[in-house]
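Presented below is the structure to which this report refers.
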Amino acid sequence: ATQPSITGFIRPGQAQQAVQLYDANSPRQQEIHNAIIKDLLIGCTLPLSIVGNEHFRHFLKVMDNKYTPIARKTITEKHIPLLVEHVKDSIKRKFETQSSVSITADIWSDRTMRSFFGVTAHGINQTENQLESFLLDCRRFCGRHSGDNIAMAFDEIIDEYNIASKVSYIITDNAANMKCAFKVKLPQEEQHTDGSDAEDGNLDDESLWEDVSWEEETVLVRTRQRLACFAHSLQLVVHDGMKEAKSFSSSLAKMSKFTSLLHTSTQFKERFEAAFGSDRSIPAATSTRWNIREWNQLKDLGFVLSPFAEATDLTEGEKMVTISMVVPTVLDLNTHLLQIVESRSHCRPLATALRQSLLKRFSGIFVRTKMVEQNGKEDQFNQNVYFLATMLDPQFGLNWVDLDVTNHEDPVSVKKLGDDLKRSLLDTLTTEVEAAADGDILNSGVNSDADAATNSPPGKCPRLLARYRAHKHLSHTAKDTCISSQIHKYFDAIQEADTNTCLEFWSANRERFPELHSLAVKVLSIPASSAPVERVFSKGGLIMRPHRARLSHKMVTALVFLKSNMTLV
């Protein structure tokens with residue numbers, strides 16, 4: 001009875017602050033932990049140090065005074081490593097149902113000049129009928145950026161995910177080290193210094209062949225093909241063409257100066273916004289120091305280059321099929337440039353230079369369609385996958401043959417060349433469908449006949465591939481085999497197809513064209529460019545902002561990995 005109450009020792013106002021904190025394993029405590037890590041640190045790329053900031057801790061106390069703030073060390077040493085393993089396990093489970101995986105790869109250096117090797121994987125989720133992309137790794141890359149070192153790092157990454165036998169195509173830029181890294185190397189026969197073989201007299205000894213796995217070597221040679229990044233090759237075409245745009249130098253110099261003033265002069269910026277509003281950039285109106293000739297030059301330049309910009313946008317997506325657009329896009333650009341070359345426009349030198357570069361950098365497409373002669377060198381973009389993807393995309397089929405390959409010949413030659421090319425392409429498609437049905441991978445060649453491109457009057461700004469969406473025409477001879485019958489019915493079906501995307505078409509017709517569907521899933525999931533891995537590096541740039549330059553390379557790798565795979569976190 002004489003023991004005093006505890007309330008007598010609490011100053012006025014403190015009694016209300018004595019609250020029961022959440023237990024360390026409380027669901028609410030863990031829920032806030034996870035929200036801070038996933039939404040703020042990974043999703044919003046806020047710095048890890050924010051969890052120790054007194055203002056952030058005060059914010060948390062106001063939001064929920066029962067919550068005990070998490071420590072940075074706990075996040076970096078426990079939660080993030082567990083999240084990384086969880087996401088990797090999720091990706092591995094998704095790959096278990098994939099029969100074919102395509103890869104993009106590239107190297108990036110952060111602001112502290114540390115190199116990172118990024119690899120993304122791509123496939124089709126047939127359950128949800130959509131393309132899927134995942135970052136496999138963005139690991140620290142030390143040493144020389146040689147082809148052998150890149151190949152070694154690549155093999156380590158795909159082995160970790162158990163997809164070595166599923167990788168069909170690898171998309172990279174045109175750098176020499178990337179070409180070397182993914183060039184197929186056949187096993188070399190070992191020779192002795194005296195020129196004789198080691199076991200000339202004992203070739204029947206079965207032990208000699210125990211280490212030779214012909215099946216593995218065949219898989220290596222046939223399943224790993226490097227494809228050049230379409231967007232990178234296209235930008236090289238523009239770069240080549242602009243070297244010849246000497247007549248535009250004065251106009252471009254003024255445009256450059258005009259643009260620079262918006263970012264370097266506060267007075268110019270204020271006057272600009274007063275005249276045109278704060279929501280506008282360079283105005284579409286004549287400036288007082290521009291003459292009519294220079295302004296018309298820039299409009300003509302925009303007319304010439306706008307299809308290249310549209311082509312770049314069309315082939316850099318991750319959620320839409322892009323590989324099928326390569327052949328029709330290149331041929332449509334060729335037709336666009338031919339129209340300018342044949343006109344009296346003063347842009348003819350620029351168009352001529354662009355077309356010459358287009359023919360050079362996409363020579364495989366033009367050689368296979370017999371639009372140019374083979375020059376004995378390695379032709380770029382000559383792989384069958386580009387033609388197969390175009391044929392298996394309902395919006396294209398074979399109508400590009402009529403529109404941009406054979407329409408400059410006389411009527412008799414047009415029909416013959418068109419029929420021969422379509423017949424050759426159909427034979428190639430039949431062969432590849434049969435190979436895919438047998439579990440093989442794309443391997444056969446294309447023997448096609450065609451010539452030149454269409455000639456249609458230019459509009460204000462040419463819309464790339466617009467003619468393909470309006471043109472529906474096909475002429476081919478059906479064969480009596482089951483697969484050929486499917487192909488015949490497929491090309492008939494796409495004339496009346498009204499689905500929005502090719503993935504919707506193949507999802508709806510999976511049972512109707514089973515063999516074609518299997519090949520379509522392999523081919524259409526391949527990205528046309530290495531843009532997906534470039535986006536990963538953009539996320540890395542956001543994470544490695546100047547005030548976060550002290551992050552360890554392991555933490556950079558983990559944060560970039562989680563940020564790029566947010567749907568699985």
Per-residue ³J(HN,Hα) for region 300-306, Karplus 6.51 cos²θ - 1.76 cosθ + 1.60, θ = phi - 60°, Hz, x for Gly and Pro: 5, 5, x, 5, 5, 9, 4
Q20 paired with L261, simple spin-label distance in nm, labels 7 Å along Cα-to-beta-carbon: 7.0
Accessible area in the full protein assembly, largest first, 1.4 Å probe, for C482, C180, C229: C482, C180, C229
Equivalent ellipsoid dimensions for region 490-541 as semi-axes, Å, which come from the Cα gyration tensor, largest first: 31, 12, 9
Given charges at beta-carbon only (K, R positive; D, E negative), |dipole| of region 27-70 in Debye: 100
Amide H contacts of Q130 (H built 1.01 Å from N, under 5 Å, at least 5 apart or other chain): N125
Karplus-derived 3J(HN,Hα), 6.51/-1.76/1.60, for each residue of region 42-55, Hz, glycine and proline x: 9, x, 8, 6, 6, x, 4, 5, 5, 5, x, 6, 5, 6
Probe 1.4 Å - accessible area at Y22, Å² to nearest ten: 60
At 1.002 mPa s and 20 °C, Stokes D of region 110-191 from Kirkwood alpha-carbon radius, µm² per second: 146
Summed residue charge, Cβ within 11 Å of A549's Cβ, Lys/Arg positive, Asp/Glu negative: +4
For a label point 7 Å along the Cα-to-beta-carbon line of E378, residues of region 147-161 with backbone N under 20 Å: 147-155
In Å², nearest 10: area of S345 left accessible to a 1.4 Å probe: 40
Sites T68 and H239 - FRET efficiency at Förster radius 45 Å, r taken between beta-carbons, to 0.05: 0.20
Solvent-accessible surface (1.4 angstrom probe) belonging to D173, in square angstrom, nearest 10: 30
Exposure ranking of H263, H488, H58, H336 by accessible area [1.4 Å probe, largest first]: H263, H58, H488, H336
Extension gain from H553 to D148, taking 0.36 nm per residue of separation minus the Cα-Cα distance: 143.6 nm
Computed label-point distance, nm, for sites R423 and T45 using a 7 Å Cα→Cβ extension: 5.6
Stretch gain in nm, segment E54-A35, where the contour uses 0.36 nm per residue and the Cα spacing is subtracted: 5.0 nm
Rg and Dmax of region 27-70, Cα atoms only, in Å: 9.9, 26
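The values are calculated or read from the model by the stated rules, or taken from the named source; none is laboratory data. If you're wondering where the values come from, they're calculated on a predicted model, not measured in any experiment. Cβ atoms come from the backbone with ideal geometry, glycine included; neighbour counts cover every protein chain shown. These area figures cover heavy atoms from the full protein model, side chains too; ligands, DNA and RNA do not enter into them. Shrake-Rupley method; radii C 1.70, N 1.55, O 1.52, S 1.80 Å.
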